[in-house]
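Take a look at the structure set out below.
The values are calculated or read from the model by the stated rules, or taken from the named source; none is laboratory data. Just so it is clear, the model here is predicted, and its values are computed rather than measured. Here the Cβ is made from the backbone with ideal geometry for all residues, glycine too, and neighbour counts use every protein chain on show.
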Amino acid sequence: MALVFFVGLTLSFVDFRGWMPTGWVHALAGWQFVPAAVLLSTGVLSLALVGMVLLTFLLGRVYCSTLCPLGVYQDIVARIADRFRPKKLLLRFAQPHSRIRYGFLGITLVGIAVGAAGFSLALLDPYSNYGRIASSLFRPLGILINNGVATVGNSMGTYAIYHVTPSWAPWAALLLPIIMLLIVTVMAATRGRLYCNTICPVGTFLGGIARFSLFRLEIKPTDCHKCAACIRHCKAQCIDLRAGQVDFSRCVGCMNCIDACDRQAMRLVFKGTKVQRHKGTKWADVRRQKEEGSNATPAQPANPQRRAFLTSSTTGLIGLTGSLLVPKALRAEPTNPSSGSTTLPASEVVCPPGAVSKVRFLDTCTSCQLCISICPTHVIEPAFLEYGVQGLMKPRLNFSRSFCNFECKRCTEVCPDGALLPLTLADKKLTSIGVAHLDQSLCIVEKNGTDCAACSEHCPTKAVDTIPFRDGLFLPKVDESLCIGCGACEYACPAKPKAIIVTGSSTHGRARIKVEQKAVNPTEGDDFPF
Amino acid sequence: MNIDRRKFLQKGLAVGATVTFLASAKLLGEDTAKSATGDKVPAKNPDLGAGDKKSVLVAVRDGDRVTMLNRAMDALGGMGVFVKKGQTVLIKPNAGWDVTPECAANTHPDIVGQLVKLCFLAGAKEVKIFDHTCDNWQRAYANSGIEKAARDAGATLVNGNDESMYHEVEIPGAVKLKKTRVHELVMKCDVFINAPVLKHHGGATMTSCMKNLMGCTWDRGFYHQNDLHQCIADFLLYKKPALNIVDAYHPMVRNGPRGKGVEDVVEMKTLLASTDIVVADAAAAKLLGHKPEAIRHVSIASAMGLGSMDLENIAIQRIKIA
C-alpha cells in the first residue's frame, strides 16, 4: 500500500512522457492530508479527508506510514543507510521534542490565522515538499538518464526513446527543495522518523488525534521480556520499555513492532475513549497494581503535551475564523519592474487556468508542483518572487519557455487542493488568464519591413490576426476580447525585445468567441485554375 | 603466479590499443559510408524536372485522397522512379499543430500513410517521418492522426523538437539564410519527400511546399527576423525534395496556418504532385486564388532559378476522377 502511493506519486511527478493518466494522478494526490484539508476550505469535503481522519481516529497515524510520500521516502533512506552501517542503527526511546513540534504546528496554524495559509502550508506540508523535491530534482535526474539512453538508442537507429528537454526550475526556486531534501535525508538516515515527529505539522496534528485513537499499541507487561526487538524495528523512537508504554502520538503506525515481538506482548488494543497519558501509569505501578490486585488508578499528573496540542489547535481554529476576516489588502502584492521605454505594460504574473483569481490561487495552492510536472509544454514553472514572497514556488506560466497548449487542460485535472478548478475543454478554451499587448514599434514588420506574423500564426483564437499594412505586408493586430492569454504569441515572437507580451489577469475572465461563416472556395468550379 | 607485472602491463596495453583501433576504425567506416550515400543521392534520384526542358506537374481532383495520390504517382511513373530498393526515405509532412485531421492544419494522415506504403512497395529499407512542430510535438503527432497512420504503415516517427538532432550547415549562394541548423534526417536520408498541406498563412500569405521545409530547421525565429520569404527560398539551395505532394483536399483558406476550426476549411478535393517544388507552389497559389508571383517566396525562388513559376510553359497532366 505504502509503495503504491509512493511509487504512484513519484511517477506522477517524474513522468516526463505523459504516461500517467491524469485521473490516477488526481486520485493519488487526493489522498494527501493537507491538499484534502485545503480542498475543504474551498467548500469541498472529500471522501479521502473523512477517510484519513477516521483512519487516524481508529488506528493512529496510518497516513504517515503508508500515504505520505515524504514519510515513505524517509523509510527508504533509513533502510539504505542501514545497509552501509556495519551494525543496524539502534534508535532508543527518546523524549518527544514537544516545544519544537507544537511550535511548527503553531507556526503553521498562525500562518493560516493571519491569512497566509497558502504560504505556511506550502512550506511545511510533507506531500507538497515531496512533490517539489520529486518534481524539481528527481524529474530532471530521470530526464538526464533518459537522454543518456536516448543518445545511445538514436546512434543505434532506434527512436523509441527520445530526448526530453529537462525543465529545470529557476535556480532560486530550486533552493528550498534542495535544503528540504538534505534535511529530511540526513534526519532519516540518522534518526528515523524524527522529521515527522519534530518538524512536520501534519505528523503533529495527526499525532494529536492519535492520542484519542480507538485502537492503540499496548505492551502487555506480563508477556514482555524487554528484549527490545520492538525498539530495533521502531522508526519513531516512541517505545518506552522502561515505562512499558508506547507514545502513540509519535507512532507513525508502521506496526513493525508487532511483527518483531515474538512473544505477542506488543498488541494493538481497543482502548475506547480513554486518552493516552504518557507520564501517567508507570511500569512499576502496573506491577504494583497486579500484585495488590487493586483497581485504583494512580493520580494523573497534568499533561503538558495535551495542553500544548489543545493550545495550538485552538489557535488554529481562531486563526481559520480570523483568516476570513483579515482584509485582503494585507496580502503581499508583487512589485512590477518597469519595462523601459516601450508602450507595453509591465509584465504581470500569469497563473494557470482554473485558478479563478490570483488571490484565491495564492490562498489555496500548496505548491506541490503536480501541475508543473503534468504540463506537456512545460510552460508552468515554480515562481520565485513574481507573486511576492507569499507566492514562493507557486506555479506560474513563463512564456519565454513555452506556451499553454490550446487543446490541453491537464493542470486543472490534477490539482488536489482545489487551487485549480477542473474545467471542461470548452470552458478552458474561453478562460482568459491574461491579455496580449502589442508594441508596433518593436514588431519585425514595422522595424524590418518584412513579413513575420509568427504571433498570429500561433494564435488559436485569432485574437492576434493580421491586417494589410504598407507595401503588401501584413501587420499583427490584437483583439483583447478574444484573447485567452495562452502566451503562444509572446513565445513565438522573434523580435528582441518581444513586441508582443501577455500580462496576467488578477481575476480570470471569459473571452468572446469569434464567430465566422463557413469559408468559401476561392476557386469555385469544376476545372483546375491553371 | 602466472603473469608477472610486466607481462600484465604489456597484455593490457595491447588489448587497449586493439580496442581503440577497432573503435576508431568503426567510426571512420561509418563516416565514409555516410558521405558515400550522401554523394550518391543525386545519381540515384534523377530529378525529372532538371533533365527535361519542362517541369512536370500532375494535378488530380475529385477523388479520395488515397486514389488521387495513387493516380498522381502512376502519372509520374510510380514511386519506383524515386525510391530504389534498400534506400532510406524521409517524408516531411506538416504535422505542426495539435489539431484533428478535419481542421486541416496538418497533412492528412491518409496521404502520409499511403506515401509510406508506396515507399515500402518500391523497396525502401526504412521510412522516417518528423516535423519540427509548433505545438507540443507528441500531441501534434498523435492528434494529427499522422502518428497512427505512419506507424501502421511501418514508418518510424522521429522527435522533430530535439535540438541535438539539428546540425549546422552552410548554404552557399543564399541571400539571407547563409547557414542554418538542419535535422539530421534531412542530411542523411537517401530520398527526401515533401508532403505539405495547402493552407492560408497570416504571415507568408500561403503555406505549401516551400514553407513546409521551414520545419526541417531548428531556428525558425531567424527566418522571421531576416526576411521570411527570402529565407524560405534560400533553403532550397541547401536541399530540394525529390518529390512534392500537396494535400489540397480541404485547404484552410483563412486564419492560417493554425486555423480556428472546420469553418476555415473548404472542400477542393485536389492533390498536386511535382518534382519541381516551385511549380508545385505556383499551382498551389492558384488554387487559393493568388497569382504565383503574389506569393513572394515563390517569385523569389523562381527568380533565383530554383524552379519555375511559369505554369504556361510547364507540362501539366490534369486528371479528373469522377
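Brief remarks follow.
- Count of the range B:130-170 residues which are of a type in the set (S, T, N, Q), touching a residue at least 12 places away in the same chain (Cβ under 8 Å) and within 10 Å of another protein chain (Cβ to nearest Cβ): 5
- For first residues located in the range A:246-270 and touching a residue at least 60 places away in the same chain (Cβ under 8 Å) and over 19 Å from A:Leu67 (Cβ atoms), partners that are part of a loop (DSSP other than H, G, I, E, B) and not aromatic (Phe, Trp, Tyr) and lie 6+ apart or on another chain with Cβ distances below 7 Å form the pairs A:Asp247/A:Pro96; A:Asp247/A:Cys238; A:Asp247/A:His278.
- Within the range A:186-200, tally of residues that are within 15 Å of A:Tyr130 (Cα to Cα) and of a type in the set (Gly, Ala, Ser): 1
- Counting only helices (runs of 4 or more DSSP H) that sit wholly inside the range A:50-158, those with at least 3 residues that are at pLDDT 85 or above and out of contact with any helix residue (DSSP H, G or I) (no Cβ under 8 Å at 6 or more places or on another chain) are A:69-83, A:139-155.
- Here A:Val164 meets each of (1) touching a residue at least 60 places away in the same chain (Cβ under 8 Å); (2) away from chain B (no Cβ under 14 Å) with one exception, condition (2).
- Comparison of A:Thr523, A:Thr461 shows that the only residue that is among the hydroxyl-bearing types (Ser, Thr, Tyr), modelled with pLDDT of 95 or more and touching a helix residue (DSSP H, G or I) at 6+ places or on another chain (Cβ under 9 Å) is A:Thr461.
- Of residues in the range B:253-269 being within 26 Å of B:Leu177 (Cβ to Cβ) and in contact with a Lys or Arg (Cβ under 6 Å, 6 or more places away or on another chain), the one farthest from the other protein chains (Cβ to nearest Cβ): B:Gly256
- Of all residues in the range B:99-124, none satisfies the criterion of being within 14 Å of chain A (Cβ to nearest Cβ), surrounded by 21 or more Cβ atoms within 10 Å (Cβ to Cβ) and of a type in the set (Ser, Thr, Tyr).
- The set of residues in the range A:376-434 that are under 23 Å from A:Ala117 (Cα atoms), within 14 Å of chain B (Cβ to nearest Cβ) and in a helix (DSSP H, G or I) contains only A:Cys411.
- Scanning the range B:270-284 finds no residues that are facing chain A (nearest Cβ under 10 Å) and over 25 Å from B:Val81 (Cα atoms).
- Screening B:Ala248 against (1) within 11 Å of chain A (Cβ to nearest Cβ); (2) in contact with a Cys (Cβ under 6 Å, 6 or more places away or on another chain) leaves a single unmet condition, (2).
- Candidates in the range A:439-449 are the residues that are surrounded by fewer than 21 Cβ atoms within 10 Å (Cβ to Cβ) and at the interface with chain B (Cβ under 10 Å from one of its Cβ atoms); of these, the one that is farthest from A:Ala346 (Cα to Cα) is A:Gly449.
To keep it simple, each residue is scored yes or no on (1) surrounded by fewer than 19 Cβ atoms within 10 Å (Cβ to Cβ); (2) among the polar types (S, T, N, Q); (3) away from chain B (no Cβ under 11 Å).
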| site | (1), (2), (3) |
| --- | --- |
| A:Ala454 | no, no, no |
| A:Glu457 | no, no, no |
| A:Thr466 | no, yes, no |
| A:Gly472 | yes, no, no |
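- The one condition in (1) farther than 18 Å from B:Arg139 by Cα; (2) of a type in the set (Val, Ile, Thr); (3) surrounded by 24 or more Cβ atoms within 10 Å (Cβ to Cβ); (4) without any contact (Cβ under 8 Å) to a residue 60 or more places away in the chain that A:Ile380 fails to fulfil: (1)
- Qualifying residues in the range A:8-24 (those that are aromatic (Phe, Trp, Tyr) and crowded, with 17+ Cβ neighbours inside 10 Å) - the one modelled with the lowest pLDDT: A:Phe16
- If the condition is being over 19 Å from the mean Cα position of the chain (by Cα) and closer than 18 Å to B:Ser144 by Cβ, then the range B:202-228 contributes no residue at all.
- Filtering the range A:498-530 to residues that are within 30 Å of A:Gly434 (Cβ to Cβ), among the polar types (S, T, N, Q) and within 12 Å of chain B (Cβ to nearest Cβ) leaves only A:Gln517.
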